[in-house]
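Read through the structure below, which is laid out as C-alpha cells, and then see the notes.
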Amino acid sequence: MDSIIDAKDLVHEYSRRDEEGNVIGINRALDGVSLQVKEGDFIAVLGANGSGKSTFAKHLNALLTPTEGTLYVGGMKCGDHSSDLEIRKTVGMVFQNPDNQIIANVVEEDVGFGPENIGVPTDEIWMRVEEALKNVGMYEYHLDSPNKLSGGQKQRVAIAGILAMKPRCIILDESTAMLDPGGRKAVIDTISRINKEEGITVILITHYMEEVIQADHVYVMDAGKVMMEGSPREIFARSGELEKYRLSVLEAVKIAMLLRADGIDLPRDILNEQELVDAVAELAGKK
Ligand code: ADP
Ligand code: MG
C-alpha cells in the first residue's frame with residue numbers, strides 16, 4: 001500500500017445528548033467517505049460549512065474513532081488507539097484560529113515546543129527551529145513576541161512548528177479563513193512550496209474555491225459525502241454542480257484558467273481580478 005491516507009467507507013456519527021446525557025439523536029457527519037492520498041501529493045478538500053471537513057480532518061489525526069469503515073494513516077489503523085501518538089507524528093494539523101495555536105512568548109520557543117514534546121534532543125531542536133522558520137520566511141522574527149505578528153505571520157509560525165516535528169503530512173483545516181487576502185496568499189504559497197520542495201503531503205481544507213488551484217487533486221464534500229473529485233480545472237468547469245454544494249467560482253479565476261488552457265502563459269496562482277489584470281498587462285508588455 002503506497003497511500004499515506006487510505007479511507008474506506010468511513011462513517012462518523014455524533015450523538016446529540018440532552019442535559020442528563022441521554023442520547024436524543026444522531027448526526028451522521030461522515031457518510032461513507034472513501035479516498036486515497038499518495039505520499040507527496042497536494043490535495044484539497046472543498047466544502048461548505050457543515051459538510052464534514054473538520055470531522056474528516058480529526059480522524060486523520062486520530063482525534064475521533066470511526067463509527068464504521070476503515071482509515072489507515074501511514075499504514076497505521078485509526079480507531080484502535082494503539083498508534084495514536086505515531087499517527088499524530090505522521091500527520092501535523094494547522095487549525096483555523098492562529099491565536100489558539102501560539103503557546104510561547106517568543107517565536108522560536110513556540111516553534112520548538114512541538115519537537116520538545118515528542119522528545120527531540122535539544123541541539124537538534126534548535127537546528128530544526130531555524131530550518132523551519134527559514135522555510136516559512138519567518139526567521140527574522142525568531143526572537144519576537146508572536147503577539148506582534150499579523151494573522152498570516154502567526155499561521156506561518158504555526159506551520160513552522162509543525163514542520164519542526166518533521167511530519168510526512170500536513171493538514172490545514174480552514175487555516176486561512178481568518179486572514180486578510182495577503183496573509184492567505186502567503187500561507188498558500190508557503191504550503192505549496194513546502195509540498196514541492198520537501199515532498200511533504202499536504203491536505204488543504206477550505207471553502208475558498210480559489211485556494212485549491214495549486215492542488216493536484218480536489219475532493220468536494222457535501223453532507224458528509226465526497227460528491228466530486230478531479231483536478232482543479234475539472235472541478236472548476238462544473239460550476240453548476242458546485243453551486244448546488246454552496247460553492248462558487250470567482251469569475252477572474254475561471255477566466256485565467258480558460259486562458260491557460262488556450263496556451264496563454266499566465267501564472268497558475270491568480271486569485272482575483274487585480275492579479276489577472278496585472279498578469280495580462282505584463283504579458284502584453286504594458287508593465
Ligand atoms: P465542516 O468542518 O465542513 O464545517 P464539521 O465536520 O465541523 O463540518 O461538521 C459536520 C456536521 O457534524 C455538522 O452537521 C455539525 O453540526 C456536526 N457536528 C460537528 N461536531 C459535532 C459535535 N461535536 N457534536 C455533534 N455534532 C457535531
Ligand atoms: Mg470545519
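The values are calculated or read from the model by the stated rules, or taken from the named source; none is laboratory data. Values in this document were obtained by computation on a predicted structure and should not be read as measured data. Note: ideal-geometry Cβ built from the backbone for every residue, glycine included; neighbour counts use all protein chains shown. Remember, those area values only see protein heavy atoms, side chains included, never the ligands or the DNA or RNA. Shrake-Rupley method; radii C 1.70, N 1.55, O 1.52, S 1.80 Å.
Go through MET127, MET165 for me and flag whichever is touching a strand residue (DSSP E or B) at 6+ places or on another chain (Cβ under 8 Å) and closer than 22 Å to ARG193 by Cα. After ruling out the rest, the residue left standing is MET165. Across segment 143-170, what is the number of residues that are within 17 Å of GLU108 (Cβ to Cβ), open to solvent by less than 30 Å² (accessible area, probe 1.4 Å) and not in a helix (DSSP H, G or I)? Within segment 143-170, residues that are within 17 Å of GLU108 (Cβ to Cβ), open to solvent by less than 30 Å² (accessible area, probe 1.4 Å) and not in a helix (DSSP H, G or I) number 2.
Across segment 139-160, a minimum of one residue is classified as in contact with a strand residue (DSSP E or B) (Cβ under 6 Å, 6 or more places away or on another chain) and of a type outside the set (Val, Ile, Thr).
Of the residues making up segment 16-28, one or more are more than 16 Å from the chain's Cα centre (by Cα) and touching a residue at least 24 places away in the same chain (Cβ under 8 Å). Note on segment 38-72: residues that are over 13 Å from the mean Cα position of the chain (by Cα) and among the hydrophobic types (A, V, I, L, M, F, W, C) total 5. Among the residues making up segment 110-130, a single one is free of Cβ contacts under 8 Å to residues at least 12 places away in the same chain and closer than 21 Å to THR190 by Cα: MET127. From the list LEU35, LEU30, LEU46, LEU63, the one residue that fits, being assigned to a loop (DSSP other than H, G, I, E, B) and either of a type in the set (A, V, I, L, M) or over 30 Å from GLU130 (Cα atoms) (or both), is LEU63.
Filtering segment 228-257 to residues that are touching a Lys or Arg at 6+ places or on another chain (Cβ under 9 Å), open to solvent by 70 Å² or more (accessible area, probe 1.4 Å) and assigned to a helix (DSSP H, G or I) leaves only ARG233.
Residues checked against (1) open to solvent by 20 Å² or more (accessible area, probe 1.4 Å); (2) closer than 27 Å to LEU247 by Cα; (3) of a type in the set (Val, Ile, Thr); (4) more than 16 Å from ligand 2 (Cβ to nearest atom):
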| site | (1), (2), (3), (4) |
| --- | --- |
| ASP41 | yes, yes, no, yes |
| VAL45 | no, yes, yes, no |
| ALA48 | no, yes, no, no |
| HIS59 | no, yes, no, no |
| GLY74 | yes, no, no, yes |
| HIS81 | yes, no, no, yes |
| GLN96 | yes, yes, no, no |
| ASN100 | yes, no, no, no |
| ILE103 | yes, no, yes, yes |
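The set of residues from segment 79-105 being free of Cβ contacts under 8 Å to residues at least 40 places away in the same chain and either in a helix (DSSP H, G or I) or under 23 Å from GLY161 (Cβ atoms) (or both) comprises SER83, ASP84, LEU85, GLU86, ILE87, ARG88, ASN100, ILE103. Scanning segment 5-22 finds no residues that are outside any strand (DSSP E or B) and surrounded by 14 or more Cβ atoms within 10 Å (Cβ to Cβ).
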